[in-house]
Structure formats: structure tokens, C-alpha cells
Amino acid sequence: MAEKVGVYICHCGSNIAGMVDVEGLARWAGANLEDVTVARDYKFMCSSLGQELIEEDIKKEGLTRVVVGACSPHLHEKTFRKACANAGLNPYLMQMASLREQISWVSSDKDKATEKAKALISGAVRRVIEQEELFASEAPVNPNTLVVGGGVTGIQAALELADAGYHVYLVEREPSIGGHMAQFDKTFPTLDCSACILTPKMSDVGQHESITLLSYAEVEEVTGYVGNFHARIRKRARSVKEADCTGCGVCIEKCPKKVIDDVFEAGLGYRKAIYRPFPQAVPKYPVIDREACTYYLKGTCKACEKFCPTNAIDFEQQDSFLDLDVGNVILATGFDMFDSTRLPQYGYGRLANVFSNLEFERMCNAAGPTDGKVVLRDGVTTPESIAIVHCVGSRDKKHNPYCSAVCCMAALKFGHLAIEKTGAQVYSFYIDMRTPHKNYEEFYDRLLAEGMQFVRGRVAEVTDAARLPGEEGKLIVQSEDTLAGRQRRTPVDMVVLMGALEPRHDARETALKFGISCSMNGWFTERHPKLDPVATMTDGVFIAGVCQGPKDIPDSVAQGAAAAARVMAMITKGTVLIEPVVATIHEENCSGCRICNNLCPYNAITFLEDKGVSYVNAALCKGCGTCVAACPAQAISGAHFSNEQIFSEIEGLLYDAISGNGAGHKVEPAGVPA
Amino acid sequence: MSDTFEPKIVAFLCNWCSYRAADLAGTSRIKYEPNVRIIRVMCSGRVDPTFVLKAFSLGADGVMIAGCHPGECHYLEQNYKAMRRYYMLRHTLRSMGMEDDRLRLQWASAAEGVQLAAAINEMIEQVRALGPLNWSANWHENGRRLEALGRLAQEHAEAMEVPA
Amino acid sequence: MKYSYYPGCSLEKNAASYHESTMAIAGPLGLDFVEVEDWNCCGATEYHALNQTAAYALIARNLAQATKNEGLDTLVAPCSACYLNLRKCDKYMATEPELAGRVSQALAEAGLSYKGGTLHVRHLLDIVYNDVGLETLQAKTTRPLKGLRVAPYYGCMIVRPGFHNGDDDPEYPVTLDRILTALGAELVDFPMKAHCCGGHMTQISEATGFELIRRLIKSADDYEADLIVTICPMCQLNLDGFQGAMNRHFGTSYHIPVLYFTQLIGLALGLAPRDLGVGSEIVSAKEALSKIGAEVEEAEVATPRQRRDDKALPMPGRRGEG
Amino acid sequence: MHEPSRRDGFQGEVIAATPGGESLLTCIQCGTCGGSCPSGADMDHTPRQLFAMINAGLRQDVLHSNTPWYCVSCYYCTVRCPKEIPITELMYTLKRMAVREGAYDDSKAPDFSRTFIRWVEDYGRSFELGLMGTHMIRHNPFGAFKIADMGIGMITKGRMAFSPTRIKGMDGLKRILAKAKQLEAQA
């Protein structure tokens, strides 16, 4: 029986109609394409009236297939599938042609665009005829959630979920949660004490009955799918038994080995070989750094063990593994700080009094290595002049092309702290001042009034090579004052480099582990940049905070909460629909060659020894179709992407080439009367 | 109507990266030539060599396979399988006397709308320079040709599909 | 190791000592240089200011001539300006089809041709560092440069963008430092190591040219360097030849000799100073070189005196050191 | 059609004459070039200002600026430019345009280039004594005294040739350069 196909061409206002002759296209489809019984155009197909149009035709005309020529299926495939389902047509009997993204928005010649549209519609019509009814299955959603990353974003997400009564596993790589925010002294523009506002949240996490905090731990492996993920967590050996440790800190006090703290103190201070990153750490249990500990290096010492009142030290402790079942995942893995030695012209690592932003942050902190005093590298001298260099590794094609979003405001904060603490003359060397949030511009005003000097010009270099009188013994910041149009050499005592925020060095591995993707720059990719900023292309995996792109604390917190809300919606609904796009092996055709077995990255294909054939476990199959393409016996079919469907689509797309027997190479503006 | 040869390119784009790159080219209004016709597949690993041969036989002058960058495949590593097939196919095309530049493998992440558009334009130029393929004419003259090609491709496929 | 060799005009006369010392160390270091037949001037920076096609055609003639040295695909230039010109031309012949087309047409007038990428253009410093290597230099050193405080000076044209060979940083190069350390010299952490000597500026604007020279000499003097080591004849001419005029211009009395790195290698290998062209510098190196002698000791990069005490904060880790 | 970014007018002209010149369109006026330039203090305009003037179409002001002639080709601006604009190459382009149109205020630098190249075009090699002699006599007759000891030093140390070397393939080179100039004029 011949199918009855309905073709619907969307104007998308003028988005499509401005470049494609939509009325002509609909007429052409109705007149020329086989099996098309209805062909219409409409202003906005995605509107409720547009959808009703399709639904009515299905019912009245008895349509058995629907083609919608509109935008990308990534935007409205669900909408039109639903419309079909409403009218009683299996939703998988609908096919979209992307007239907007693939034609009208990328073309500049209306005739050629319309010709291309005919090909796309022709392809979709041929394909849809081959499509088969498919049925999505339902799966329950596990109410537990995995939150990866215990910075302020992850903390917020975890607390939102836990406070709503859902269980959260919070995994943090470092020995304590808190992230970068715990390292900061003040927050802009309110100058709140960073630790004072963060630590209450940290202890809430530590004490919450609905949160299992897994610090000093990493996610090893994730399998499964939305609603039903399985995660394997590696808990690294702390060398301290958490069950016995009271967190008294005697071990730290007695440990004789001091090492530079590259993480929390940003290399500016020291910690012991057994340590807690900072006094308010959550959890309170210390960790032995086995690479630094004298016992692990030389076999003797054990001072911590000797003095521990509860015998909590365990030198033999091994990494342990935890298998978790969760329904959703929130990634809040944060960022790495730019390594400023990559810009040798700024002298970081070579010129003693050039500091990184994180070093300066720790220096300002009353609990930091200098007790909150701003001093030169000698540890005692108060600087009389300080230059703050913006855009170090940001807005630079050689490093990171993007703006790191927070540095301008952080530089203003540093300016305020430096003036307050030292009375020094503070210069800010900027390209553009970016202060676009509530009360931020007002903070800029405040610093102008406080006497911070602003020089519009990206710093060319920082040198100790004195050239002019007054430069001896100083660091000279060489720049062009672009507003004055003159070169400027500014001798200062201290330079602070505002390094870029960068994706975690292992962000791509993390993305791969969770089946999501990264942008060119390495930030996790959201489902939609405007309308779906915390979801990802992988259902059940959400992203929040700086791992998605540079942002400040309030934005990160908002995303953490938003991701939690999305997860709660999933949990509350209780079930998810599983796409039926999977591969199936037809046993009668399978020769048992097992070529497909090892091609599947999800181990969804197993070989049935008794029958001598291979078999696809539909629950594990993600529908990539690689096995379908590889099967030499063509015994595997891929639902919704079968060979027949794709062959038909090719035929349809090339309708004008085949009909002309190779003569159809010239695009005729009006091959068939429209 | 101009006399310049307008090649027809069929492009197989994976759902996750390159199809989204095409979406992005659209939303960013990046113009490219209209000679390309896109087919969505879930993964570049789904592209069966016979799809490519079918497209050539039905009148395509060039075929593009686009997928996620190596290491960024949504399905972990299936784009590597696509790459292997691509090299096999180029070999096959060459051995059949076809210019292997008519087949192109393009990596495009979801963020690379500009790059994908540029690659499409570049390929159109290349294929335009090569001239019409006209396999479709041969197809009509000798209906067995495609079957023969299919068999040949299959043999190669079997030889090449050594599990990773 | 055999290479095509393009000396360039400077090495004919004003920088003859660079040529002599290069030839003198070639044998002991196992380098064999075959001079490009009938080479011509590279045009320095001057031709680019007048005529692009002619500028690149002039350079390309040398590349074409060099391909006549059969079996040699590496072309070595000791002069940084020549090196950059040759390298840039080789690159553009491959990447700039319009320009390359014009240049090829011009070359054809003399029956010559050159295809971008045929030759691998390298600077002498790169050859010594990568092909000879520090171990060989160290092993062959018989007169270590112990006690000699040297300021390694790279100048602009070898380390800058897209055209240089590999991994030396355009802002803070280290290969020459490592060579000199291997020879036993005491290095100063010369902040001006990649800054500009002024090129032809003394001829265009004296005040500007002298100022550029002053900056370099002053910084070397601030660091108490005995001499500056250079890898480019233009730099040597500016820093050495114009040092006196610069001193008069500013009323200063700097005295910093400027030698080629090949001369220092030769000295370390135990060769006689006169075989290395030492003595042809305008600012005498006699006193500085009198310091050399005695046994090998590990030299370190010296930095200006710094106060350090218990309160001192740790320095950030330096990457790529050692 | 994918349209490459392009601008008409003076900016387009400068871009077209420079390998990699399109990136000039992405200049954000950060001033890294101006800050890095060793001779920037003596320039009429910093390179950054010059780019703003090019963008504004101030053709005459740009071609009359001494800035390109003070460029020492050290390439610091080029390596540091966050937008990877080939600034040194752009300076060469501006010099060529100024020479072609006679649009420079001080003839010293263009004359130096011309004198240098005249020896090269006649002999195939450069000739320092001839160059400095000719150039100094024209532009800085008294300056010669300032550096007289240097000149004498160079001569006594045997570092100055008294006559230029002529290459063997001079005829061929002349043909090459003649053709090159003809092609440049057409380009």
C-alpha cells in the first residue's frame, strides 16, 4: 500500500521565507514527489496552530508519514513527534528537513536556496517512507545524585538536593571541599570575607544526613544511562582511618617534614607532609602526602603515628573503591589557574617580585602565609607601588582567546586591598574594563575615587633592565598608554599577574568519561547556549559553574542551584523515556564472525556460544551504528538509521541528478515549474 | 544561469559534533555554497562504505564524511573506525580510477561552524576543479557496476574491520 | 654532517671573524659546509621596503642556487637577518601562491626555480645546539671558559615568529645559554637577551640607534658581564662598532667586548685566538679573555644580588630549566 | 558563498598587500605592539595608532607617518600581538606604499634602502663602504666625523672592503629583478 505523506514547510517568520520560496516549494512537493498527498506552508509550524494543522491532516487525510521542513531537528524534533503522537501517528514516522540552519541562514541566492530546499525535502520524503514504527521504553529514575566537584558550585548543588530530601554523593579530588573560593580572601564587589560566607555551607555539607561526602576521591568509571548510572569511585588512601580520627591535629603539629604547598597556598606557603589544606577543612581528617612523607621515602619517622591519641594513622592503607547507583550526575569540576611562566615577557618565576593572582590572594588572607601582609618576595618589605596586569593568558590567541570574565573585578578588589593594606600606588593595566553586573561598575567608581591608577594598554613586558633614572632596583612595566598614545615605563616594586581561568587540564578525559563534549577551548558544552545552559547532550548529565565557562561566584552558585532543580524535576517525574534508536542483530543472517563484538565501546554486543551468533543488549546500546556499518553479512540493522532509510534519503537528495542521467549538474533555477 | 559546473556534494554528518557545527554555521549566519546536501547519522562510524558508493553512483560528484575530532567522539572512539574506512575507501576509489579527493573526511566539533563551512567551500572548489564525475551515466549503461563495487567495498571492509 | 652554507655579505668582510671561527670549529665538531655557488645578497630588511616581488626573488635566487648542492637539503645561515629572509621566503613560496607565482616567473628569467619546502633553512646556532649537541661541546672543551661572565645575546631575527626552527622561546630563548654553560662560562641572566640592537637605525636616526645600543650595553654592564656573546653580524657591528660613538653620544664610558659564539666555542676547543678572528673587534676583548684558564667547574646562571632570609617567600617553580 | 572578511578602501588595500594581513581586522587596540616597540618613543604614531588610522581611512596621514621607517624589524610586536597580526609585515607594506607614492616626509630611510639596494642590483652583493659613504654624504655629512674612529677602526681591523664583489651570475640576476619589478608593478 502506498504511504500518504504530508509535507509541511515552515516560513519561520522571514527566517526561511526570506531566502526560500516556501509557497513554491510546498506546491512543488505536492505536485512532483511521489506519495505526497498533502503539502502546505505555514508561518510558524512550531506554534500550536501549526501543530494543529499537522494533527488535523493526520486525522482527516489519514496521513501515514509526516515531513516537516523547518529548523534543525535538534530544536523541534520533539515538538513535531509529539504532534504526530497526539494525532495517533507513531512519532518515529516523522522526519525533519533543516531548511533554516542548512539553507536559509547560510545561503545568499534565493533560487539556489530553493533548489537545495527541494533536494532536502525530496530526501526527507523518500526517507520517511522507509521509516518504521518505534516505541520508546520507560525506565525508572534512581533518586540518588552524583555531584562531582566540591567547590562552591558543587556545594550549592549538593545542598539544594539534600535539603529537598534526596541523597547526594559529593566527590571531591582534594582532601577538603571548598575549591578556589576557600583560597580567596575577599569577594567582589561586597568585600565579604570569602571564608566567612563559604565555611558555614561547607560544614552543612559535612553534617548533612543526605550527603555522602567522598573527599580525596575521583570518579573512575561511569556506565549506564539517564536515570540509571553506575559510577565507580576511587577513594585514594589518606593513610588516616576516618572512623578513628578525631581531627585533633596533633599529627600535623608533630610532623617534622615541611613542604611547599602548591595547591592551597598557591606555592607561597608551606604545609606538613601530613596535612589538612586549611583549618576549616571539611572533612576534618588529615591526609599523608606520600611523595613527601619521610616514612614513605626513607622508612623511618612515624612521628604522627606515635603521637596520634586514637591510633588513626594507617601507613598500609590502600585505595578503596565504591560502586554507586545514581539517576543523575552534576559536574562542577571548576577550572585551573593559568601558569604565567608561559608568558616569559612578564618574568614570572624569574623576577622575584612578580606574583600570580592566586599568590596575591593568599598573601591578602589573614590566615595565609604572610598573615595578611602584602610584602615583597623577601617576606618583609612593603611595596610602595604595585602594578596589576590584566589579561594574562586571556584574550590572546596564543593561549586562550576568551575573556576570563572575573579578572577585571578581581583586579579592582586587589587594588582596594593593596591600597588599604599598604597605601601603595596601585596601577591597573587593562585592555577593556569589564564590569557588567549588579554593583560592579559602582565598585570600579569606588576604586577610581580611591586613587587606583588605570592605564589602558596591555603590558608589553616586565623587566628588571633599568634604562632611565629612577628605574634602578625596580620592576619596570613597559606598556603603551593607548589613551595618551605614548609608550610608558612604570617602575614598581611589585607586579601581580591576573592569570586566565582555564579548563581543568583533564577536562577532556572527564568529558569522555561522562559522555559529554568540550568546546574548542575545553569548556564543557551545554545543551543550548541560551536556553539550556546547565544540561548537556547526554541526558542525566548536567554541568554547572566554571567548568562550563568562566564566570564569577554568584553565577556559579546560580548554576549549581539550577542544575539541582533540573535533577529534582527528573527525580520527581520518576521515569524517563529511552530512545529506541538501537541496533538489532538478525540471527538468521549472522555468520558468527564476531567482527562487531569488539567494535562496540559499550560492550553491548556479546557472542552467544550456544547459537554461534552475536547479540545486542538494547539497554547498553547507544545507537551509534558502527556495528551496523561494519557487519559483512548485513545482519545488523540500526533502528531509525537503517541502510534502506539512508539509501532512500541519498536517492531523494540526488533526485535531480539521477533523473537527468548525469546531466543534472547545473543547478537550474526553475527545473520544475513551482 | 551560469555555465560553471555546480558539483553535488553529499555530506554525512554525525549527530553530536558535525551536525551541530552545521547548526552553528546556520545560527551564526555563516554563508557557504549551496552545493552540499547533508544527511544526519548518529555517528561517523555509522557511515557504511556502500553509502558513499551509493551516493557516487546516484550522481554525487563528491562525498564528505564529518565527525567529532579524534578523542572527542560522543561514542568514545567510533570516529576512528570512520577514519579507517575512509582510508580504505580512498584506496578503493583510487584503484577504480576515481580521484580520491572526491571523498573528504572532516573533523568538526560542535563549536566549529566556521571551520565546517570553510571546509565545505573548499571541497566544493576542489570538486568543481575536478569536474563532473558522471558515474550516474555509467550506472544507467551498466547496471551491474554498483553491485560489483559493493562487493569490492565489502571485501575491503572485511579486511579492514580488524577490531581495535 | 654536511650542509649547504650561505655566508651572506657581512661574513665576507666586516664579520669575517664570524666566518673564520665558524670554519675553524667546523672540523673539530664534525661539520662540513659546502658554500652555495655564486650566492647573492639577501637584501637584508631594505628590499622589503621597496619592492616585495623583487625582494623575494632576490632571496629565492639563493634558495635556487642552494638546490644545486646535490644531496644537501639543509641550508645553514650564520647571519640572523639572512636566516630569517631565507626562511620566510621558503615558507611564502609554499603558502602564498600569488607571491610565489610572481617570484617563480622572475626566477625563470634566469632558468632557475624553487619550490617552497625543498630546503630546510636553519641558523648556525640551531646546528650547533641540536646537531652537535651539548655533550659533544662539553667533551671537546679543553680550555673551559671558567670565570668568564658572559651575556648571551640572541637579538631578534632568529627567535621570532613562525620562522624559527623549533622550541626556543621567542621571549626568553635558552639554547645559547646552554651552549655557553656547556663551555664552562658563567652566565648572566641577561634580561635584554632577545631585544633589538637597532638594525640599520644608526643610519636613519642616530639618537634612536644609539639609544637601542645603550640599553643593551648598559644592561650587560649592570650585570657585570665581561663580554656579550652574539650570533649575528648586524648585532656585533652595532654593539661593537658603534659602542664608542654611543659612549660619546651619552657621555658614558662602557667597555663591553662583543664576540661571536663561534669564537667562544673555538677558544673552549683550545684553538688559537687569531685563527678565530679574535682581535678584529673594535672594543678590545683582550682583558676579558685573559680570565680564561683552569679546570672545569659547573657554571650557573647568575642573577643580580638578592636579599634572602627566613621570611622570604618561595619562588614559583621555573619550568623547562636544566 | 562563504565570504571572507574583507574591507574596501585603504584598509583593504593594506591587507591585500600583506601576507596574513586579514588579521588586521581583528585588532582590539590593546597597545601591546606600541608598548613593545623598541623605537616606539621616536615614532609619530605607535603601530596601534596607525592601525586605528588605517581603519579610519586616513591614507595620507598614515603614508606620511614616520612610524614604518622607524620599525627596526625586531618582530616583538608580531610575537606578542594577542590577535597574531603580522605587524612587521604590515610595516613593510606601508613602506612600499609610501615609496611608490612618494609619500614620505623624511627621505633618509627610503634613500638608505635605495642606496643599499643599488649596490645589490649592480653587483649582487651589498657594499658597506659604498653604502655608508653615499648615504652619509647625502644625509649626515657631519655625522661622519662622529663615527670616524669607528670607520678607521673597521678599516684598520680589516673589516671594511674597498671595492664591492660582483657575482658571476649578474646578468641572470638582473633579468630576474627586472621581471620581478615588472610583475610587482602589475600586481
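The values are calculated or read from the model by the stated rules, or taken from the named source; none is laboratory data. This is a predicted model, so every value here is computed, not measured. A quick note on method: Cβ atoms are made from the backbone with ideal geometry, for glycine too, and the neighbour counts reach across all protein chains shown. Surface areas here come from the heavy atoms of the whole protein model, side chains and all, with no ligands, DNA or RNA. Shrake-Rupley method; radii C 1.70, N 1.55, O 1.52, S 1.80 Å.
When only alpha carbons are used to place a centre, the range A:557-627 and the range A:251-317 end up 45 Å from one another. Solvent-accessible area of the range A:15-103 (1.4 angstrom probe, protein heavy atoms only): carbon and sulfur portion equals 48 percent. Peptide B:68-77 has a mean shielding of 5, counted as Cβ atoms of other protein chains within 10 Å of each residue's Cβ.
Evaluating 6.51 cos²θ - 1.76 cosθ + 1.60 at θ = phi - 60° for every residue in the range B:100-116, the Karplus couplings come out as 6, 6, 6, 10, 10, 9, 10, 8, 8, 7, 4, 8, 9, x, 4, 5, 5 Hz, glycine and proline recorded as x. Summed over both chains, the area buried between B and A is near 5900 Å², taken from the accessible surface of protein heavy atoms with a 1.4 Å probe. Using the Cβ-Cβ distance between D:A103 and D:A178 with R0 set to 41 Å, the FRET efficiency from 1/(1 + (r/R0)^6) comes to roughly 0.95.
Dipole of chain C computed with +1 at Lys/Arg Cβ and -1 at Asp/Glu Cβ about the Cα centre; of C:P97, C:M315, C:Y260, farthest Cα towards the positive end is C:M315. Distance between the 7 Å Cα→Cβ label points at C:T142 and D:A148: 4.6 nm. Taking a point 7 angstrom from the Cα of A:K241 along the C-beta vector, which residues in the range A:307-350 have backbone N less than 17 Å away? Residues passing the 17 Å test: A:307-320.
Close amide H contacts of A:G269 (hydrogens built in the peptide plane, cut-off under 5 Å, sequence separation of 5 or more or a different chain): A:D261. Short-range pairs are left out: with C-alpha atoms under 8 Å and at least six residues apart, the relative contact order of chain A is 14 percent. Averaging the sequence gap over all C-alpha pairs within less than 8 Å and six or more residues apart, then dividing by the number of residues, gives the range D:9-101 a relative contact order of 37 percent.
Phi-derived couplings, Karplus 6.51 cos²θ - 1.76 cosθ + 1.60 at θ = phi - 60°, listed residue by residue for the range A:169-185: 9, 9, 9, 10, 6, 7, x, 10, 7, x, x, 5, 4, 5, 7, 6, 8 Hz, with x used for Gly and Pro.
Suppose we keep just the DSSP beta bridges with both residues in chain A; what percent of those would be antiparallel, to 5? Rounded to the nearest five, the antiparallel share is 50 percent.
Ranked by the mean number of other Cβ atoms within 10 Å of their residues, highest first, the peptides A:250-263, D:92-105, C:3-16 come out as C:3-16, D:92-105, A:250-263. Looking at the protein assembly as shown, the DSSP beta bridges with both ends there are about 40 percent antiparallel.
In peptide B:117-126, what is the residue-averaged number of other protein chain Cβ atoms found within 10 Å of each Cβ?
Per-residue shielding by partner chains comes out at 1.
Can you give the accessible area per residue of the range D:9-101, in Å², using a 1.4 Å probe?
Details: 2580 Å² over 93 residues.
Per residue, the range D:9-101 has an accessible area of 28 Å².
Give me the distance between the Cα centres of the range A:445-524 and the range A:1-68, rounded to whole Å. Each part reduced to its Cα centre gives a spacing of 56 Å. Apolar share of the accessible surface for the range D:72-187: 57 percent from carbon plus sulfur atoms, 1.4 Å probe. If the elastic network links every pair of Cα atoms under 10 Å, which of C:F250, C:F33, C:F210 fluctuates the most in the Gaussian network model of chain C? Ranking C:F250, C:F33, C:F210 by mean-square fluctuation puts C:F250 first.
For the range D:9-101, just say rounded, prolate or oblate: build the C-alpha gyration tensor, square-root its eigenvalues into a ≥ b ≥ c, call rounded for a/c under 1.5, and beyond that prolate if a/b exceeds b/c, oblate if not. Verdict is rounded for the range D:9-101.
For B:A108, the shell of other residues with beta-carbons less than 15 Å away shows a net charge of -2, using +1 for Lys and Arg and -1 for Asp and Glu.
Each Lys and Arg Cβ is given +1 and each Asp and Glu Cβ -1; about its Cα centre, the protein assembly as shown then shows a dipole of about 1800 debye. Using θ = phi - 60° in the Karplus curve 6.51 cos²θ - 1.76 cosθ + 1.60, the 3J(HN,Hα) couplings for the range A:395-404 round to 6, 9, 4, 6, 10, 10, x, 8, 7, 7 Hz; x is entered for Gly and Pro.
For the range D:1-156, what is the charge dipole size about the Cα centre, in debye to the nearest 20, if Lys and Arg each add +1 at the Cβ and Asp and Glu each add -1 at the Cβ?
Working: 15 positive and 17 negative charges, 20 e Å.
It works out to roughly 100 debye.
Among the residues of the range A:79-126, those with an accessible-area drop of 10 Å² or more from chain alone to full protein complex, heavy atoms and 1.4 Å probe, are A:E101, A:Q102, A:W105, A:V106, A:S107, A:S108, A:K112, A:K116, A:A119, A:L120. Straight Cα distances below 21 angstrom link D:K108 to the lysines D:K95, D:K146, with same-chain residues fewer than 8 positions distant left out. Which of C:M157, C:M201, C:M93 moves the most in a Gaussian network model of chain C with Cα springs under 10 Å? Checking each option, the largest mean-square fluctuation is seen for C:M201.
Compared with the dominant Cα axis of chain A, that is its longest principal axis, helix A:73-86 is turned about 50°. Take each residue in A:457-469, count the other chain C-beta atoms within 10 Å of its C-beta, and the mean is 6. With contacts taken as Cα pairs under 8 Å at a separation of at least 6 residues, chain C carries a relative contact order of 20 percent.
Centroid-to-centroid, using Cα positions, the range B:18-92 and the range C:62-119 are 38 Å apart.
Dipole of the range C:102-202 computed with +1 at Lys/Arg Cβ and -1 at Asp/Glu Cβ about the Cα centre; of C:F190, C:L107, C:H120, farthest Cα towards the positive end is C:L107.
How do C:51-58, C:128-135 rank on mean C-beta neighbours within 10 Å, highest first? Could the numbers behind the result be given before it?
Values: C:51-58: 27.1, C:128-135: 16.8.
My ranking of the peptides, most packed first, is C:51-58, C:128-135.
Applying the criteria of a DSSP loop state and at most 16 other Cβ atoms within 10 Å to the GluC sites (Glu not before Pro) of the range A:4-100 yields A:E34.
Could you provide, to the nearest whole Å², the per residue accessible area of the range D:108-186 with probe 1.4 Å?
Values: 3870 Å² over 79 residues.
It amounts to 49 Å² per residue over the range D:108-186.
What nm value, rounded to one decimal, do you get for the distance between A:E471 and D:E13 when each label is placed 7 Å out toward the C-beta? So the two model labels end up 3.8 nm from each other.
Only helical DSSP H runs with n ≥ 4 go in: add -39500 (n - 2.57) per run for chain C, normalise by residue count and round the 222 nm mean residue ellipticity to 500 deg cm²/dmol. Walk me through the numbers before you get to the answer.
Numbers: 13 runs with 121 residues, N = 322.
Mean residue ellipticity at 222 nm (helix-derived): -10500 deg cm²/dmol.
Of the residues D:S65, D:S113, D:S163, the one that moves most in a GNM of chain D with alpha-carbon contacts below 10 Å is D:S163.
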